[in-house]
Structures are given as C-alpha cells and as structure tokens.
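Have a look at the structure below, then the notes.
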Amino acid sequence: MISTNRTLRGILLACASLMPAVAFAADVTAEAPEGSGDEIVVTGQQPLTQSTSGTKTATPIMETPQSITVISNADISGLGLQSLNQALRYVAGVTAEQRGSSADVYDQFKLRGFDAPTYLDGLKLFPSATGYAVPQVDVSRLDRIEVVKGPASVLYGQSSPGGLVAESSKLPLDRDFYGAVAGTYGNYDLYRVDADVGGRASSNILWRLYGSANGAHSQADYGVRRRQTVSGAATIGDGTPTSLTVLANYSHDPRNGNYAVFPALGTLIPNAAGTIKTSFYGGEPGDFFKRDQAAVSAFFRHDFGGSWVFKSSLRYQYVKSSLGIIYTGGSPATTDAAPSLFSRFSYATREQNNGWTYDNTLTGVVETGPLKHTVLLGVDRQVSHSRELYAFGGATNINVFNPVYGSMPTPQTPYQVPGYVAGAPLQTPTLATTQQRQQGIYAQDQIAIEGFRLTLSGRQDWARQASETGGVYSQQHNQKFTYRVGGLYLLPFGLAPYASYSTSFEPQASQLAAGGLAKPSLGKQVEAGLKYQVPGTQIIATAAWFNIEQTNVVVSDPLTFLAYQVGKVRSRGVEAEVTAPLPYDFYAHVAFSRQRVKQLDDVNPANIGQSLIGVGKGGITANLDWSPKSGPAQGLTIGGAWRHLNGVYAGIYFDGVARYTPTYDLFDALARYEIGKIVPRLDGMTVGIDAKNIFDKKYLSSCYSNYGWCWYGNRRTVQGTIGYRW
C-alpha cells in the first residue's frame, strides 16, 4: 500500500493554499524570467529565441516557417517535473500523459494526433520494434527540449507526420568551476537527489559530471519507481577550431512503477456496483519492471573558417529490460448486471535493444547577389537490433472493488507464464527479433533577401527492415524521397506570416494478413501561420493552422485481428501560444490548441469518421507568475497555472458506442525564495514548493474502449525542494 508522510503533506498543502498557482514560462521564443528555476541545475547558454532542431542550424524561431516550442531546463527544474510527459503538459498540440499515473514505464504522448519519436542530441532514441525495451531519458540529464511540429523526415529520416521531440543533454560549460545540488521530497514518498558539477581542467579541456537518484510510490497500490543515473562528459579543444566532446551515461531502474490498467466499466462507463478507486491495482504485489540503459556519444566539430563548419555526432545505445505482470482485462468475468469480478491475464518478457546512429553535416554561408544562402549538407545512418522473448497467458480473476491479492504468483520469466485454462501447461515463449537500418543524404538551403526567408530541403532515404517472430522471417527494402518548402516574411512592425509544405515516411513492423511486412506510412502537411513580436519587447505571439494526411496506415480487423494496410487519417487544427513579460514583474504564458483527427479509411466501417484512440480534441493552459526584481519581495517567485483539456477519444466500446473521456480542469501552484536575499552568506541557496492538481481532481487521462481499459490521471502531488548552486 502507498505510505505518505502526513505531517509533511499537511505543511506543504497549507503553504500551497496561500499561492495563486504555477508558472511555466516555456514558450517558443521568449527568455525565461529571472529566478525561474536555475537554482536546481546549471544550464547552457543557447537562447530560447533560437532553435537548432527545426533546421539543424542555429535559426531564430521568428525566422523558421514552422511551429516549434522550446522548454528550458529552468522550466523543468523550477516546476519540479519528473518526466518528459509532465514537461509536455503546457505545449499546444500535445496530448500528454497517455497512461496518466501509470506512465512510469515509458513516455507516451501524441503530437498533432500522432505518436512522435524522441531524439537526443539530434540522434534518434530507438525503441524496441515490438516490446518494452524503450529508452527513457531522466529529466536531470536535460538542458532543453524542443518540440518540432509537423513532418520532419527531410532532416531526420523516418519520423511521424505529427513531428518529433528533440531533447538536448547537459554538456560541459565554458566556466572555471560550477555546480549545483538539490534535494526534493513530496507525497507518495517522492524523493530526488540531484547533483551537477563541472569546470575547466586546462585552457582547452572542459568537464562535467552529474547524476540523480530518484523514486516514488505510484498512485496505484504496490507501484514503486526507483532510478539511479549518472552522466559524465568532457570536451577537448574548447575555444579552438577543432573540438571533441564525449558523453557517457548509465541509468539503472530496479523498479519502474506498475503498468496499472482500470476497466472502463466502473471508470468511463457507469457500473451499478460502484466506481473503481484510483488506488486500485489489478495485478499482484510481485509485479515488476526492470531496465538498464547505457549510452556513449561523441560530438566532433571543426570550423574551417569563412562560416563553414563540419559536425559529426555518433551514439551507441543499449537497453535491457525484464517485465513480469498480471493485468486486468476489460471484460467482466461474470454476466451480472453490476459486475465486480473481472478477468486477468499474465505477461512476461526479457528484452535487449542495441542501436547505432550517426549524423554528419557541413554548413556554410554563400552569397549570390542580394541572396544570402545558409547551406546544409548531411548524411546519416541508423541501425537498431532488438530481441524480445515473451509470453502471454491467463491469470486468476479479481474483484475490482474489494481486491484480494496472492491468488497466484507473478511470472518471473516468460517460461513461467501460465496457460489460459486452469491446469493447462505453461505457455511456450515466443522469440521476436527485428533489425532496422536506414541511410540518408539530405540538403537544405535557407535563402534570405531583405525580410523574406525561403527554406528548401530535400532528402533521399534507403531503409531496410527484417524481422523474425516464432520462426517466421520477413524482410523489406524501401527508399523514399521527402522534402519541405517553406516561406516566411518579416514585416517591419514585428509580424511574420509564413506557410510551408512538408512530407514524411515511417516504416512499420506489422505483419500483414496477405503476408510480408507493411510498407512505410506516408505523411504530408500544409501549415500556415503568423508570428508576432511586439517591437522593443519580449512579448511573442504565434498562431498556426495545419492539415496533415497520413496514408498506408496499418489497421486491424476487429473480429480476426488480422492487419491490413488500407488506413488513411487526416489531422486538422489550430494552435496558438503567447508569452508576455508584463508590467510589475509579472510573466504570462498561454497555449491553445483545437484539433480534429479523423479516420478517412479503415477495414472496420465503424471507425470511419471517428478520431484516433488516445488523441485529444485540444485544450488551453494559462500561466502567470510574479518575480519582483527589486523591493522587499526580491528573490520571491509565486505563480499558478490552469490546465483545461477537452475530451480524449476513447474508441468504440463493446456495446458499439464511440466515447470520449470527460473534459477536465486542473490547477497548479508554486512558490520559491532565494535565501541569499535575507541571509547573504547563504547566497545561492533556494527553497521552493510546488503542487500539481491542487484541488485533487479525479479524472481519466485516456481510455482504450476497444480493450475495455482506462487510465486515471495524477491526483494531487506536492513536493518541496531545497537547492544550492555555485
């Protein structure tokens, strides 16, 4: 059961009640306000008005013809965010926290209606093609996050039509010596200890070492999350034309929460027997998920002079995981009008995932008459090998309103998964292996003439995928050309209208009913928008309209579960974000999105015209904080946020009715104070408190009604932090 420090919780909640609510100042182009959380972690120097992930060049976002949102490390640490899912809560166009409080296993979110890949330092984080060996980057390792919206295959190869999330690691900084340490504690026994130290070893050698030990109990009973992670980096040749940075990381997750599932009947759909508690766990106390991750990266840079620079990035990634769980099925085990007894199933895996990826680019500036060309030439390669040994089986039933545990053990290996029928032999595990390779060459020209900016990009990819499941071998070779055309005009009074067209492709691992692997899905997007910066201020407003079409989508027959490649999806919507430093040291951020995702073709006629499961209609977040720069309150930051999310499409339940989860509103709060303002000898020390969902709203984050499953969102969480930086 979940234990909670009631005394600390009472103190924290009392403090939280005095605050108006949370400030998140992360938007696309404005600098974070002073005191916005850098007391926790020393951050890099790249301005928030600039992005490298959208064009792979350092380009101001006001001059980039697409939507990009930047989240700084100051925002992550200042809000006490524990995962990428939480960091994406305030980004327009993102349906974050797909599995709500059960999302500790890995990050799950939708971007403009589609699953989106994650990149670290410009290189793809390869997930297992079929299983759970999925890398997850602890937020203590991140210097910033950039959300690139819309197809990005032209620069990155295989990618979602919705876009991608680009994370950036903390790297050595050009300072003689620096560091930070912080400790956090909160309800659900949440704890974090973060440390970061670095400096200059010689005139041209920099180093940095940082790590974190963190964990918590989950909202559902018996769930425990534990992680220890450490990273070390060194840069040789700093300040010279040629430099090399090597970064190594190791993360150990001995416990990674639980993968709790809640029946839709009793959560989304009324059950006369009652409503299932948010603390209910449908598995067994012995359920487990373990994961180890290791990676080594190298970043080489050479400046030829005259604006021409060569960069090479390389990473080897290794993920090993083991999973053993009992989980609740979506169907009642009885035919009662008010069922309380539900069926369960068992599952166990042993997995490994290895990946190599590198990216080489040459950039330079060429002038042809009045035209200024920023040229990018690149070649990259991605290789991933995954291996999964797994078995599905049966399990004992459970009363979801009065659960009794211990009726069966959790399978510790795939060889211990029981049969579906009582007394049947153990299941025979299945071995699945997948090999994915991709080679790409690409070129880009960013043309500037007075206020006009034209971006032309093209890429050719060669992809190979081979898989073997249960002794059945399949392979496929594909090649695809993707491109992007975008134009933007900077008007003298701060307005920048833009329009772009881009394409994408994404290989799929599904085995089709007709035999062979599915061909890659294809995407294309038209986007048009406005960006506006009030002259002489940091007040930024952006708005975008987009229309995305995805074809070659794999869909499943609801009766036979066989896969067919006949699906077609359209995502259409609008997004807007405003960041505004206001008078009297206030700072505001507002994000709005509204989207309509529609299935245009499917093997199941009932799905045509419906949305995609797990995709929200959109929502709005509004944030305000106050950080006085002078006077007796200098050093204090208080703030608050309102999060409103419209319904998330839940799919078609067993009764044939399509449903959405209910709309909900959440409120957050924070307060922080720099102790050095009143005790000078403690300069650099900061104390803070933040609370999420302060009114303890119970809500559903998403449902898969076709399986009869739902997930609860996070209840009220409160945590306090004390940190010191030098």
Mind giving me the nanometre distance, one decimal, between the label points for His252 and Thr537, set 7 Å out from Cα along Cα→Cβ?
5.3 nm
For region 623-695: relative contact order, % (alpha-carbon pairs under 8 angstrom, 6 or more apart):
26 percent
Calculated FRET value between Thr663 and Gln435, using beta carbons and R₀ = 41 Å, to 0.05
0.40
Given charges at Cβ of Lys, Arg, Asp, Glu: the chain dipole, positive-most of Gly100, Ser593, Ser313:
Gly100
For Asp696 and Met408, calculate 0.36 nm times their separation in residues minus their Cα-Cα distance, and state this gained length in nm to one decimal.
100.3 nm
Calculated FRET value between Ser202 and Phe304, using beta carbons and R₀ = 30 Å, to 0.05
0.75
Find which of Pro492, Ser343, Ala432 sits farthest along the positive direction of the dipole of the chain, computed with +1 on the beta-carbon of Lys and Arg, -1 on that of Asp and Glu, about the Cα centre.
Ser343
May I ask for the net charge around Lys617, where only other residues with Cβ less than 10 Å from the Cβ of Lys617 are counted and Lys, Arg are +1 while Asp, Glu are -1?
+2
When we measure straight from the Cα of Lys519, which aspartates and glutamates land under 17 angstrom away, once same-chain ones fewer than 8 places off are left out?
Asp461, Glu468, Glu506, Glu549, Asp601, Asp602
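Once the Cβ-Cβ distance between His477 and Ala514 is put in as r, and R0 is 25 Å, what FRET efficiency do you end up with, to the nearest 0.05?
0.90
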Exposure proxy check on Arg725, Arg227: fewest-to-most Cβ neighbours within 10 Å is Arg725, Arg227
By count of other Cβ within 10 Å, fewest leading, how are Arg681, Arg572 ordered?
Arg681, Arg572
Under 12 Å from the Cα of Lys698 - aspartates and glutamates, other chains or at least 8 residues apart:
Asp665
When we measure straight from the Cα of Lys697, which lysines land under 17 angstrom away, once same-chain ones fewer than 8 places off are left out?
Lys277
Excluding Ile447 itself, calculate the net charge of residues whose Cβ lies under 15 Å from the Cβ of Ile447, where each Lys or Arg counts +1 and each Asp or Glu counts -1.
-1
Normalised by the residues of the chain, what does the relative contact order come to in percent, with Cα pairs under 8 Å and at least six apart?
14 percent
Could you work out how far apart the two model spin labels at Val379 and Arg681 are, taking each label as a point 7 Å from the Cα in the direction of the beta carbon, and quote it in nm?
6.2 nm
If you take every residue apart from Ala432 with its C-beta less than 13 Å away from the C-beta of Ala432, what net charge results, scoring Lys and Arg +1 and Asp and Glu -1?
-1
As an exercise, identify the chymotrypsin sites (Phe, Trp or Tyr not before Pro) in region 424-509 lying in DSSP coil whose Cβ has no more than 13 other Cβ atoms within 10 Å.
Phe493
Cα-centred dipole magnitude for the chain, charges only on beta-carbon of K, R (+1) and D, E (-1), debye, nearest 20:
620 debye
Using a 10 Å cut-off around each Cβ, can you sort His644, His385 from fewest to most neighbouring Cβ atoms?
His644, His385
Give the distance, in whole Å, between the Cα centre of region 253-307 and the Cα centre of region 637-710.
17 Å
Out of [x] 25.3, 82; [y] 26.5, 83; [z] 27.3, 92, which label holds the value of Rg and Dmax of the Cα atoms in Å that was computed here?
[x]
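Values quoted throughout were computed directly from the atomic coordinates according to the rules given, and no laboratory measurement underlies them. All of these numbers come straight from a predicted model, not from anything done at the bench. Using ideal geometry, Cβ is built from the backbone for each residue, glycine included, and neighbour counts are taken over all protein chains shown.
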